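J.: Have a look at this one.
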There are 2 protein chains.
Amino acid sequence: LAHDLTTALQARIDAKTKPPGSLGRLEDLALRLGLMQGTTRPVLTAPAVLVFAGDHGFARDGVSPFPPEVTPQMVANFLAGGAGINVFARLAGLPVKVIDAGVAVDLPPHPDLIDLKVRHGTRNALQETALTPDEVALCLDRGGQVVADLAARGCNAILPGEMGIGNSSAAALITSALLDIPLADCVGIGAGHDPAGHARKREILARVQARHPGVRDPLEALAAFGGCEIAMMAGAMLAAASRRMLVLVDGIIATSAALVAARLAPAMLDYAVFAHVSGDGPHRLAVEALGGRPLLDLGLRLGEGTGAALAWPLVRAAAGFLEEMATFEAAGVSERTGVAPQP
Amino acid sequence: LAHDLTTALQARIDAKTKPPGSLGRLEDLALRLGLMQGTTRPVLTAPAVLVFAGDHGFARDGVSPFPPEVTPQMVANFLAGGAGINVFARLAGLPVKVIDAGVAVDLPPHPDLIDLKVRHGTRNALQETALTPDEVALCLDRGGQVVADLAARGCNAILPGEMGIGNSSAAALITSALLDIPLADCVGIGAGHDPAGHARKREILARVQARHPGVRDPLEALAAFGGCEIAMMAGAMLAAASRRMLVLVDGIIATSAALVAARLAPAMLDYAVFAHVSGDGPHRLAVEALGGRPLLDLGLRLGEGTGAALAWPLVRAAAGFLEEMATFEAAGVSERTGVAPQP
């Protein structure tokens, strides 16, 4: 971050026609955008929603109330423009690209689908490691490739999202391993279990964890638990940060990818903005562990990048006021007297 | 509210391709929009930001760190498109209309300025009542007239904002009177006092309150403390609610107008959505007293309608997902099994 610009950025923010500090967290965000981009006039260019899709070997074992067929069905829904992320991205003026990171079935080509499939779903982590170290490396690389392609076309902000039946389970296992906190604190309701389903999810995940004891390393965690979409998101986040691009972090699964990325390169967090804290309890814990201050708190738990797309107008507003608001001087508005005027 | 539509609206929300409840507060909001409009397919049409401007007799007595000249200067800034509200409204696709409710000086005509001036600033509430009962009634009427004109052109949602040096003081006095809570709990930092200025503001407002003891009625409170812009906002809110239009409530001053409106007609709150809870402490208290659940919590305290404009994309997203998202059936996506699938 360009910390040498802090004073100049703060002066620019304070010259705007408003009481100092009165735009609250948008002022902090404007400052951060300037530090990220190394300029007192940050601009957001060609932002894109990236939905990474992948399947999970343990998805048939009862960790999700939805069958794994829903992953490719939802990919088709994304490509047809009918999912939540499509609606929110459209309203925010954002394009949506879908990346096949590891969907279990072959997908028909589509202009908005990027085929970077590393495997047809992960192996079942109940029985073996979900991914080999080489597969993890390939996922990270390919996530970086997606971002490099976007950057070449002028993009300086990404909104990573995901789809994958079972991936809140992988996220819980990764989060528990990397934060070294009890698994039970990391297992959310995901796509919405009833209490019996939730209990079953916790029981299965405890068995998965017992099958892979002592995992604390981010690459080991990705290998042990998967999935391709989480690893590829982490790779995209790392590549984005290394190019000084903004990463708008979505929900519990995107946050597990951010956790992996931050463990591999802590400076990644300088470029991360946490879009929201979700309605899935463990998310707050993970965001706080990463020092994040979520912009929204609306009980969202859909994933897909929906929380990021919903927070995007706030990020755009932060850059917008810094660029477009008049200064006291230009607008001919009197500044505070400092001393209260006397009658 | 069309409570008979609750079941049909909830079924429509639950048919969308997402786990039930996973859009959190946006689902509540979509439901409320349907109940307000009396349809399972609510739409938001021709929304508008309305910035009501007025001056306050006690503004020269040290209640604000800014001199009262700033009110017309900021009106000129709004009309030139350079203020915070202009930037955020532009980004959200909202027009901004400025209403001269009671600015102390005459203002030159402008296509976006609506001249409904009731007086050249309020009288000084330290010495007398700020407005006569007739002036209060005129303000309420004229606020209703603004909304009637908008409704005639197809508007079904308003975002009221305000500008007026000294108006956070009037808001504090009104809030203390109507909620019957100590004035000290209602006095925020407004446009940003230093501690000495804040102490002075509290001392002056205590004197104003002592000058008008026992005020508990909403119309009496408007008369005693002013101002024209708060009364006119309250009138606009009442008129909007009576036409089943959405009222997106901004910060501490707009909330004091909502409090007046709610005391005059409690059903007004059925049409109110609280955009944010501001960084000015007493705002939270007032929002909670009105049963509001703010969408944003970003430490904003600028007023002008900026918090409402920043929350607008969330309201639009709530209506948007209900209208545009595919259903499980249409998208060919499998629903939850209810029973967890077995291996």
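The values are calculated or read from the model by the stated rules, or taken from the named source; none is laboratory data. It should be emphasised that the depicted structure is a prediction, and the values quoted were computed from it without experimental measurement. Reconstructed Cβ throughout: ideal geometry from the backbone, glycine too, with neighbour counts over all protein chains shown. Heads up: the accessible areas ignore ligands, DNA and RNA and are worked out on the full protein's heavy atoms, side chains in. Shrake-Rupley method; radii C 1.70, N 1.55, O 1.52, S 1.80 Å.
J.: Being assigned to a loop (DSSP other than H, G, I, E, B) and either open to solvent by less than 20 Å² (accessible area, probe 1.4 Å) or at pLDDT 95 or above (or both) is the filter here, so list the residues in the range A:280-293 that pass it.
T.: A:Asp280, A:Leu290, A:Gly291, A:Gly292, A:Arg293 - these are the residues of the range A:280-293 that are assigned to a loop (DSSP other than H, G, I, E, B) and either open to solvent by less than 20 Å² (accessible area, probe 1.4 Å) or at pLDDT 95 or above (or both).
J.: For residues that are part of a loop (DSSP other than H, G, I, E, B) and hydroxyl-bearing (Ser, Thr, Tyr), tally how many sit in the range A:41-92.
T.: 2
J.: Still on this structure, I have one more. Restricting attention to the range A:174-217, and to residues there that are open to solvent by 20 Å² or more (accessible area, probe 1.4 Å) and in contact with a Phe, Trp or Tyr (Cβ under 9 Å, 6 or more places away or on another chain), which single residue is nearest to the other protein chains (Cβ to nearest Cβ)? Walk me through how you get there before you give the answer.
T.: Kept after step one, since they are open to solvent by 20 Å² or more (accessible area, probe 1.4 Å), are these residues of the range A:174-217: A:179-182, A:184-185, A:189, A:191, A:193-196, A:198-200, A:202-203, A:206-207, A:209-211, A:213-214, A:216-217.
Checking which are in contact with a Phe, Trp or Tyr (Cβ under 9 Å, 6 or more places away or on another chain) leaves us with A:191, A:209.
Values: A:Ala191: 4, A:Gln209: 18 Å.
Among them, the one singled out is A:Ala191.
J.: Also, quick follow-up: Residues in the range A:262-273: is at least one buried (at least 19 other Cβ atoms within 10 Å of the Cβ), within 14 Å of another protein chain (Cβ to nearest Cβ), within 15 Å of the chain's Cα centre (by Cα) and part of a loop (DSSP other than H, G, I, E, B)?
T.: no
J.: Sort through A:Gly305, A:Gly320 and tell me the only one that's within 21 Å of A:Leu91 (Cα to Cα), facing another protein chain (nearest Cβ under 9 Å) and not hydrophobic (A, V, I, L, M, F, W, C). Outline the logic, then answer.
T.: Details: A:Gly305 fails: facing another protein chain (nearest Cβ under 9 Å).
Checking each option against the conditions leaves just A:Gly320.
J.: Anything in the range B:157-187 that is more than 15 Å from the chain's Cα centre (by Cα) and among the polar types (S, T, N, Q)? List them, or say none.
T.: B:Ser169, B:Ser176
J.: What is the one condition in (1) open to solvent by 10 Å² or more (accessible area, probe 1.4 Å); (2) more than 7 Å from chain A (Cβ to nearest Cβ); (3) outside any helix (DSSP H, G or I); (4) in contact (Cβ under 8 Å) with a residue 40 or more places away in the chain that B:Glu329 does not satisfy?
T.: B:Glu329 satisfies all of (1) open to solvent by 10 Å² or more (accessible area, probe 1.4 Å); (2) more than 7 Å from chain A (Cβ to nearest Cβ); (3) outside any helix (DSSP H, G or I); (4) in contact (Cβ under 8 Å) with a residue 40 or more places away in the chain except (3).
J.: Name, by its number, the condition in (1) among the aliphatic types (A, V, I, L, M); (2) open to solvent by 10 Å² or more (accessible area, probe 1.4 Å); (3) closer than 25 Å to B:His120 by Cβ that does not hold for B:Met237.
T.: Going through the list (1) among the aliphatic types (A, V, I, L, M); (2) open to solvent by 10 Å² or more (accessible area, probe 1.4 Å); (3) closer than 25 Å to B:His120 by Cβ, B:Met237 breaks only (2).
J.: Name the residues in the range B:73-90 that are free of Cβ contacts under 8 Å to residues at least 40 places away in the same chain and either under 18 Å from the mean Cα position of the chain (by Cα) or crowded, with 22+ Cβ neighbours inside 10 Å (or both), would you?
T.: Step one: of the range B:73-90, the residues free of Cβ contacts under 8 Å to residues at least 40 places away in the same chain are B:73, B:76-77, B:79-82, B:86-87, B:90.
Of everything in the range B:73-90, those that are free of Cβ contacts under 8 Å to residues at least 40 places away in the same chain and either under 18 Å from the mean Cα position of the chain (by Cα) or crowded, with 22+ Cβ neighbours inside 10 Å (or both) turn out to be B:Asn77, B:Asn86, B:Val87.
J.: A further question on this structure: Out of A:Asp28, A:Asp55, report the one residue that is within 14 Å of chain B (Cβ to nearest Cβ) and in contact with a helix residue (DSSP H, G or I) (Cβ under 6 Å, 6 or more places away or on another chain).
T.: Working: A:Asp28 fails: in contact with a helix residue (DSSP H, G or I) (Cβ under 6 Å, 6 or more places away or on another chain).
Sole residue among the options that is within 14 Å of chain B (Cβ to nearest Cβ) and in contact with a helix residue (DSSP H, G or I) (Cβ under 6 Å, 6 or more places away or on another chain): A:Asp55.
J.: If B:His3 satisfies every condition in (1) in contact (Cβ under 8 Å) with a residue 40 or more places away in the chain; (2) more than 18 Å from B:Leu314 (Cα to Cα); (3) open to solvent by 50 Å² or more (accessible area, probe 1.4 Å) but one, which is the exception?
T.: For B:His3, the exception is condition (1).
J.: Of all residues in the range B:31-51, how many are touching a Cys at 6+ places or on another chain (Cβ under 9 Å) and open to solvent by 40 Å² or more (accessible area, probe 1.4 Å)?
T.: Initial filter on the range B:31-51 (touching a Cys at 6+ places or on another chain (Cβ under 9 Å)): B:45-48.
Those left that are additionally open to solvent by 40 Å² or more (accessible area, probe 1.4 Å): B:45-46.
Matching residues across the range B:31-51 total 2.
J.: Go through the range A:6-30 and give me each residue that's of a type in the set (Ser, Thr, Tyr) and surrounded by fewer than 23 Cβ atoms within 10 Å (Cβ to Cβ).
T.: So the first thing to find is which residues in the range A:6-30 are of a type in the set (Ser, Thr, Tyr), and the list is A:6-7, A:17, A:22.
Those that are of a type in the set (Ser, Thr, Tyr) and surrounded by fewer than 23 Cβ atoms within 10 Å (Cβ to Cβ): A:Thr6, A:Thr7.
J.: Quick one: would you say A:Leu314 is assigned to a loop (DSSP other than H, G, I, E, B), within 7 Å of chain B (Cβ to nearest Cβ) and either crowded, with 20+ Cβ neighbours inside 10 Å or of a type outside the set (Phe, Trp, Tyr) (or both)?
T.: Details: assigned to a loop (DSSP other than H, G, I, E, B): no; within 7 Å of chain B (Cβ to nearest Cβ): yes; either crowded, with 20+ Cβ neighbours inside 10 Å or of a type outside the set (Phe, Trp, Tyr) (or both): yes.
It is false that A:Leu314 is assigned to a loop (DSSP other than H, G, I, E, B), within 7 Å of chain B (Cβ to nearest Cβ) and either crowded, with 20+ Cβ neighbours inside 10 Å or of a type outside the set (Phe, Trp, Tyr) (or both).
J.: Just checking, does the range B:294-301 include any residue being more than 9 Å from chain A (Cβ to nearest Cβ) and open to solvent by 10 Å² or more (accessible area, probe 1.4 Å)?
T.: Just the residues of the range B:294-301 that are more than 9 Å from chain A (Cβ to nearest Cβ), to begin with: B:294.
From what is left, the residues that are open to solvent by 10 Å² or more (accessible area, probe 1.4 Å) are B:294.
Checked against the condition, which is being more than 9 Å from chain A (Cβ to nearest Cβ) and open to solvent by 10 Å² or more (accessible area, probe 1.4 Å), the range B:294-301 yields at least one hit.
J.: For the range A:143-173, name all the residues that are charged (D, E, K, R) and either surrounded by 23 or more Cβ atoms within 10 Å (Cβ to Cβ) or without any contact (Cβ under 8 Å) to a residue 60 or more places away in the chain (or both). Walk me through how you get there before you give the answer.
T.: Narrowing the range A:143-173 to residues charged (D, E, K, R): A:149, A:153, A:162.
Within the range A:143-173, A:Asp149, A:Glu162 meet the criteria.
J.: Are any residues in the range A:130-160 over 21 Å from A:Ala258 (Cα atoms) and assigned to a loop (DSSP other than H, G, I, E, B), and if so, which ones? Write out each step before concluding.
T.: We begin by selecting, within the range A:130-160, every residue over 21 Å from A:Ala258 (Cα atoms); these are A:152-154.
Answer for the range A:130-160, where residues must be over 21 Å from A:Ala258 (Cα atoms) and assigned to a loop (DSSP other than H, G, I, E, B): A:Arg153, A:Gly154.
J.: Restricting to the range A:92-121, name every residue that is touching a helix residue (DSSP H, G or I) at 6+ places or on another chain (Cβ under 8 Å), open to solvent by 50 Å² or more (accessible area, probe 1.4 Å), more than 11 Å from A:Val75 (Cβ to Cβ) and not charged (D, E, K, R).
T.: Within the range A:92-121, A:Pro95, A:Ile114 qualify.
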